[in-house]
2 protein chains.
Amino acid sequence: MQESYCEKKEAILASAMELIAEHGFHGTPTSMIAEKAGVGTGTIYRYFESKDELIYALHKELERKIKKLILDRYNPNDPLRVRFMLLGKVILRYFIDNPNEFRFLEQFVYSPYGIACRREKIFGNNNQDNGNDILKELFNEGIAQQVIREMPVAILHSLFFGPIMSVARDRILGFIELDEAMITRTIESCWNAVKL
Amino acid sequence: MQESYCEKKEAILASAMELIAEHGFHGTPTSMIAEKAGVGTGTIYRYFESKDELIYALHKELERKIKKLILDRYNPNDPLRVRFMLLGKVILRYFIDNPNEFRFLEQFVYSPYGIACRREKIFGNNNQDNGNDILKELFNEGIAQQVIREMPVAILHSLFFGPIMSVARDRILGFIELDEAMITRTIESCWNAVKL
DNA sequence: GTCTCCGGAGTGAACGTTCAATCAAGAATA
DNA sequence: TATTCTTGATTGAACGTTCACTCCGGAGAC
């Protein structure tokens, strides 16, 4: 029972991810999600309160996955530069390998959904440990060691991840090629932007 | 007559820009745009074939404005680094001063609209001279002079403008402060990412 | 039988778009 | 000048469609 419960829920989530990535939030009716998932439209509402809640759930799950990805490969004993290079490569690689998740994330982040979400995360009471703390720590450690420019963490974040997102996008949409060497050089450039 | 013709069209464009920036494409019905513009809903369809056409028109006008902005301040006699610094500052400043246009652009670019638009621009037959050619030339000149890393122009573009967009966003949403000095340092960092 | 889970036709609301009616401002007429 | 005619921009109620969401009948487990 629990098995099939999760199976349907997972099917709905997977279908929604794929369809929204391609057609956008408003180009994918719940009926389409249900059909692709092989369930009735009503079944969606057994697992999610509303379409919005489904979308938030997708985002939450994606964030969890990425956080895990970072934590798995993170080795605090590496030199800072190595840690940054690895971090950048892991994230860029993940998005290249999971284009649907990237395109979903992009649409989410730049929509009113994502803005509200981000605003809450920054100005809300952060009781729980969000994964960004690792990044924040990483930047602060770099500043303390005087290997990273002394700037607000948010700006350093933009300098390092802004290009990664942009390059991932170009790659996923087929506008550029990206071999391993070029990925390395790209992340190097991101590092050059934040290093002292 | 011509006067009032343009006035209404302008009013519709301005209202749409403002409302879409705040509420998103699907959060702003045509009725809302008409009301804010002080016209009947039907009037919109005298000036634009459909809501989609209105949105494309908004994007086109915005692109034109930004292209003009760049051309106005562009001085080919400046050293490359100076040209890049100026370019970055001008664009960042423009977005900070025109948050609605930035938020509209962001939503457009990352939606299925923008993807189709970009795809056409890259793979379509580019008969007309699009303003990006100046950027392309700028990057190529930098590579030829051996002051910029030798990478595909699209990647250099991402490295330089990715962070600018990201920082503009954070600033507009009120997540960071940005004084003149910090803007300069930010654009410096963008330059560091692409320079040799 | 009882209970839980599921499906998909059905519902009402909201939306983009249309169109017959309206109105104002010349042009034509006298 | 006063009056009528013509034109075309403007309007907003109405239309048809689409969509998120509901609800009830049935299937299956026990």
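The values are calculated or read from the model by the stated rules, or taken from the named source; none is laboratory data. This structure is a prediction, so every number in the text was calculated from the model and none was measured. Positions of Cβ are generated from backbone atoms using ideal geometry, with glycine treated the same way; all protein chains shown enter the neighbour counts.
Quick notes on this one:
- Residue check, B:Glu106 away from every other protein chain (no Cβ under 14 Å), within 18 Å of B:Ala168 (Cα to Cα), touching a residue at least 12 places away in the same chain (Cβ under 8 Å) and away from DNA strand D (no atom under 16 Å from the Cβ): no
- Taking the criterion of being within 7 Å of another protein chain (Cβ to nearest Cβ) and within 30 Å of B:Ala116 (Cβ to Cβ), the residues of the stretch A:143-160 that qualify are A:Ser158, A:Leu159.
- Number of residues in the stretch B:157-196 that are without any contact (Cβ under 8 Å) to a residue 40 or more places away in the chain and touching a helix residue (DSSP H, G or I) at 6+ places or on another chain (Cβ under 6 Å): the value is 11.
- Residue check for A:Ile134: in a helix (DSSP H, G or I), in contact with a Lys or Arg (Cβ under 7 Å, 6 or more places away or on another chain) and in contact (Cβ under 8 Å) with a residue 40 or more places away in the chain: no
- Candidate set: the stretch A:45-101, residues that are under 23 Å from A:Pro112 (Cα atoms) and β-branched (Val, Ile, Thr); chosen: the one farthest from DNA strand D (Cβ to nearest atom): A:Ile66
- Among the residues here, B:Tyr47 does not qualify as crowded, with 16+ Cβ neighbours inside 10 Å, within 22 Å of A:Ala21 (Cβ to Cβ), within 16 Å of DNA strand C (Cβ to nearest atom) and touching a residue at least 12 places away in the same chain (Cβ under 8 Å).
- Hey, B:Glu106 surrounded by fewer than 20 Cβ atoms within 10 Å (Cβ to Cβ) and assigned to a helix (DSSP H, G or I) or not: no
- Candidate set: the stretch A:21-44, residues that are near DNA strand D (Cβ under 10 Å from one of its atoms) and crowded, with 17+ Cβ neighbours inside 10 Å; chosen: the one nearest to the other protein chains (Cβ to nearest Cβ): A:Phe25
- Residue in the stretch B:119-131 that is modelled with pLDDT of 95 or more and more than 9 Å from chain A (Cβ to nearest Cβ) present: no
- Residue match in the stretch A:7-19 (condition: among the basic types (Lys, Arg), within 12 Å of DNA strand C (Cβ to nearest atom), away from chain B (no Cβ under 14 Å) and without any contact (Cβ under 8 Å) to a residue 60 or more places away in the chain): yes
- Within the stretch A:163-181, restricting attention to residues that are at the interface with chain B (Cβ under 7 Å from one of its Cβ atoms) and assigned to a helix (DSSP H, G or I), the residue that is nearest to B:Arg119 (Cα to Cα) is A:Asp170.
- Odd one out for B:Asn98, checked against (1) at pLDDT 95 or above; (2) within 14 Å of another protein chain (Cβ to nearest Cβ): (2)
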